[in-house]
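Reading through the structure tokens given below for one structure.
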Amino acid sequence: GLVLVRQKPGSAKGVMFITIEDETGVANLVIWPSLYERQRRLILSATMLSVVGTLQREGEVVHIIVRVLGDLSADLAALGEHEGAFPDRMARADEFRHGDPPPDPRGMAPRDIYIPDYKNRSLKVRTRDFR
């Protein structure tokens, strides 16, 4: 999953908590001090993690007691390394209902958001890095 938040509270006796998100939802990772010391660099630098551990579920809240971590940051970074334009095989879902023309992807950065009301203007989204 994508790393959203890393926390290591002073009152947690060395336990680190990481919140990750994937297509199934959000999960809270519990990392014991021994694993943290062995894989400190990976834990602090990875933007996407693979996790093996014990799943605990309380209602909709998911906790994973981590045994093994893997760094998938390179796979995440490779998503933007595509040569040429992606083929436009599908139309936007709201074109049929509203009749808006599709956005012109030329001249838009990957993080731009197309807003039909602004007629081909885009909104710049700034990333947040809490490290």
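What follows is calculated from the coordinates using simple rules that are stated; it is not laboratory data. The shown structure was predicted, so the numbers you read here are calculated from the model rather than taken from an experiment. Here Cβ is always computed from backbone atoms with ideal geometry, including for glycine, and neighbour counts include all displayed protein chains.
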(request) Report the label-to-label distance for L76 and L4 in nanometres (one decimal), using points 7 Å from each Cα along the Cα→Cβ vector. (result) 1.3 nm
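What's the extension gain from R67 to F17 if we count 0.36 nm per residue and subtract their Cα-Cα distance?
Between R67 and F17, full extension yields an extra 16.7 nm.
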(request) At most 10 other Cβ atoms within 10 Å and a DSSP loop assignment: could you name the GluC sites (Glu not before Pro) in the stretch 1-87 that fit? (result) E23, E60, E81, E83
